[in-house]
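The values are calculated or read from the model by the stated rules, or taken from the named source; none is laboratory data. All values reported here derive from a predicted model rather than from experimental measurement. No Cβ is skipped: glycine too gets one built from the backbone with ideal geometry, and neighbour counts run over all protein chains shown.
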Amino acid sequence: MSRLHAEFVRRGPYLYVVDLGLSRNGTRVNGRPIARRVLDDGDVVSFGAARGRIGGVPREDFTPEVELRRAAAPELTRREVDVLTSLCRPALSDEAFVAPATAREIADDLVVTEAAVKQHLLRLYQKFRIPEGTNRRTRLANEVVALGLVRPTPVVPPQRSTATPAEQPSAAGRRAS
């Protein structure tokens, strides 16, 4: 676990965890990678191989006086949304912690030049107020996911054939066609 891995913050009746984007293993809640997440009693928070169960968070039925507010998302062009989606795609997989896509990977995904992607990323860093420093792409990806601008796409299971084995073409027949 990193020294500056994540922080726990208490705001009124809420407890939440914020990944600081400075670790190789990331932060997960109930097995899902997070950037920022409000915690409930019983949630399991993981930092690499270290895990802990959250307990003692009161469950109260009331109208909270304190509301967690995320910063308003800046206006984005369609292409900026494409770049952000491609940037975050690896981090939204079910794999163990993965870094966001590189400029080269985004360029290949969007069929544009790497220079064009870097220009988009520079504008996005400004729009989201991500300061220069280490792990800048990771910090941008964390902010985008925390704001809900990029979400995992549901995996559609492959269609299963309803044909009986006798009705399915043989391997030789499939190769011939």
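What residue, among those in segment 7-38 that are under 21 Å from Ala141 (Cα atoms) and over 17 Å from the mean Cα position of the chain (by Cα), is surrounded by the most Cβ atoms within 10 Å (Cβ to Cβ)? Taking the candidates together, the pick is Val9. Checking Val145, Val156 one by one, the residue that is modelled with pLDDT under 90 and in contact with a helix residue (DSSP H, G or I) (Cβ under 8 Å, 6 or more places away or on another chain) is Val145 and no other. Exactly one condition in (1) farther than 18 Å from Val150 by Cα; (2) at pLDDT below 80 is false for Gly21; which is it? Failing condition for Gly21: (1).
Which of the residues spanning segment 135-149 are surrounded by 16 or more Cβ atoms within 10 Å (Cβ to Cβ) and closer than 15 Å to Arg32 by Cβ? Result: Ala141, Asn142, Val145, Ala146. Could you say whether any residue in segment 79-91 is over 22 Å from Val150 (Cβ atoms), surrounded by 11 or more Cβ atoms within 10 Å (Cβ to Cβ), modelled with pLDDT under 85 and not hydroxyl-bearing (Ser, Thr, Tyr)? Scanning segment 79-91, I find no residue that is over 22 Å from Val150 (Cβ atoms), surrounded by 11 or more Cβ atoms within 10 Å (Cβ to Cβ), modelled with pLDDT under 85 and not hydroxyl-bearing (Ser, Thr, Tyr), so the answer is no. The one condition from (1) at pLDDT 85 or above; (2) surrounded by 10 or more Cβ atoms within 10 Å (Cβ to Cβ) that Glu132 does not meet is (2).
Residues of segment 46-67 include none that is of a type in the set (Asp, Glu) and modelled with pLDDT of 80 or more.
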